[in-house]
Amino acid sequence: MIKITMFSSADKVAGQGVGSAYLELVGLLKTYFKDEFDVAINRYRRSDVSHYHTIDLPFYFSTFSKKRGQKVGYVHFLPETLEGSLKIPQPFRGIFYRYVIAFYKRMDHLVVVNPSFIDELVAYGIPREKISYIPNFVDSRRFHPVPAGEKKRLRAKFYLPQDKFIVLGTGQVQERKGVPDFIRLARQNPDVQFVWAGGFSFGRLTDGYRELKKVVDNPPANLRFTGIVSRDEIAQLNNLADLFLLPSFNELFPMSVLEAFSCGTPVMLRDLDLYQAIIKGDYEPAKDVEEMQVKLTLLRNDPARLDHWQKQARVAAQHYSEDHLAAIWHRFYHEQARKGVNND
């Protein structure tokens, strides 16, 4: 049996994609490979592979022990992707950013969820051959399409109108996620119901907290902020929505998009370069909030266009399914375990 130890504190902060990705992976290994992989969480034991999901300082110090085996780091962010997320004053911001890269350099191998980050890591001095791309995925047993009758029931459950076009956004309430543009669209479309599922996971440290909190506390009549909700509720909200919209300015590979795909919900995204390598052609692109407005009007008035993106969502969901990624992770952990033995 291969001993894999997961090091993570991602699930301690609710409502963030890093925690969702971590929990999905642990669930996959325990479901598919329980007789092949011995998976432990945050235990300082002798392991074949130690997989670091978060960059906690105690985890960094643990990398100096020979008991860790092959050290694998999950790259969920780079210093530049934190801009617009957390408000960290100087000089602490610079120190923290250097620490992030130092942590990654302590790893024997890195996993990125978007191939566009490989070149950026290489620019930081990390050898290209030590980086692998493995995309995120979601559990289709939780995230899946529901019949039309269930969609009506879910709208009633959340006290949302049956007769309105509903636009859903999910994630932390912060500047980087493009929440101000989501708010602007709600104000421009009073006959559309907007719902943002998520909250201030990092409280006052959130970039733009003061202004965003004012709107969250007193939103337009057609905009609902749910606060942080469970993953089951995220699946339900995706299924009752007509369109998923994520106006983020910077992402790796947001779990929220995969969740929408898996529920068969049409997706509109700010057309970021980093999406081109992973989901090009699977979503309605919009370069800015003005184009989002145009595309939203088109989608509301053209059922065939909306149906096209619903079909593309289901195609994308197959590519990023749990079954498909299980085989990839199985091969990856076996390769890393062999490397760990060879390095001893």
Legend entry - Failed item, numbered, when Ser321 is tested on (1) at pLDDT below 95; (2) over 20 Å from Gly27 (Cα atoms): (2)
Legend entry - Residue selected from the range 60-104 under the condition in contact with a strand residue (DSSP E or B) (Cβ under 9 Å, 6 or more places away or on another chain), basic (Lys, Arg) and at pLDDT 85 or above, by the criterion nearest to Gly198 (Cα to Cα): Lys71
Inset, instruction - Looking for whichever is over 24 Å from Ile134 (Cα atoms) and either charged (D, E, K, R) or outside the structural domain of Asp48 (by TED's automatic domain parsing) (or both) here; the options are Asp323, Asp273, Asp282, Asp288. Which one fits? - result: Asp288
Legend entry - Whichever residue in the range 94-120 is surrounded by 15 or more Cβ atoms within 10 Å (Cβ to Cβ) and of a type in the set (Phe, Trp, Tyr) and, among such residues, is farthest from Asp48 (Cα to Cα): Tyr97
Inset, instruction - Answer yes or no as to whether Ala156 is at pLDDT below 95 and over 24 Å from the mean Cα position of the chain (by Cα). - result: no
Inset, instruction - Within the range 121-139, track down each residue that is surrounded by 16 or more Cβ atoms within 10 Å (Cβ to Cβ) and more than 19 Å from Gln70 (Cβ to Cβ). - result: Pro135, Asn136, Phe137, Val138, Asp139
Inset, instruction - Could you check Glu290 against (1) modelled with pLDDT of 95 or more; (2) over 22 Å from Ser140 (Cα atoms); (3) touching a Pro at 6+ places or on another chain (Cβ under 6 Å) and say which number it fails? - result: (3)
Legend entry - Members of the range 140-185 that are hydroxyl-bearing (Ser, Thr, Tyr) and either surrounded by 19 or more Cβ atoms within 10 Å (Cβ to Cβ) or in contact (Cβ under 8 Å) with a residue 24 or more places away in the chain (or both): Ser140, Thr170
Inset, instruction - Considering every residue within the range 237-246, establish whether at least one is farther than 26 Å from Val75 by Cβ, assigned by TED's automatic domain parsing to the domain that holds Met292, surrounded by fewer than 23 Cβ atoms within 10 Å (Cβ to Cβ) and within 20 Å of the chain's Cα centre (by Cα). - result: yes
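Condition check ((1) in a helix (DSSP H, G or I); (2) at pLDDT 95 or above; (3) over 23 Å from the mean Cα position of the chain (by Cα); (4) more than 28 Å from Met6 (Cα to Cα)) across all residues:
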| residue | (1), (2), (3), (4) |
| --- | --- |
| Leu298 | yes, yes, yes, yes |
| Arg305 | yes, yes, yes, yes |
| Trp309 | yes, yes, no, yes |
| Ala313 | yes, yes, no, yes |
| Ala327 | yes, no, no, no |
| Tyr333 | yes, yes, no, no |
| Gly340 | yes, no, yes, no |
Inset, instruction - Take the residues in the range 129-139 that are β-branched (Val, Ile, Thr) and in contact (Cβ under 8 Å) with a residue 60 or more places away in the chain, then tell me which one is nearest to Ser20 (Cα to Cα). - result: Val138
Inset, instruction - Please go through the range 186-217 and pick out each residue that is part of a loop (DSSP other than H, G, I, E, B) and at pLDDT 90 or above. - result: Asn189, Pro190, Asp191, Val192
Legend entry - Subset of the range 1-59 (residues that are modelled with pLDDT of 90 or more, surrounded by fewer than 21 Cβ atoms within 10 Å (Cβ to Cβ), part of a loop (DSSP other than H, G, I, E, B) and small (Gly, Ala, Ser)): Ser9
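The values are calculated or read from the model by the stated rules, or taken from the named source; none is laboratory data. This is a predicted model, so every value here is computed, not measured. Note that each Cβ is placed from the backbone with ideal geometry, even for glycine, and that neighbours are counted across all protein chains shown.
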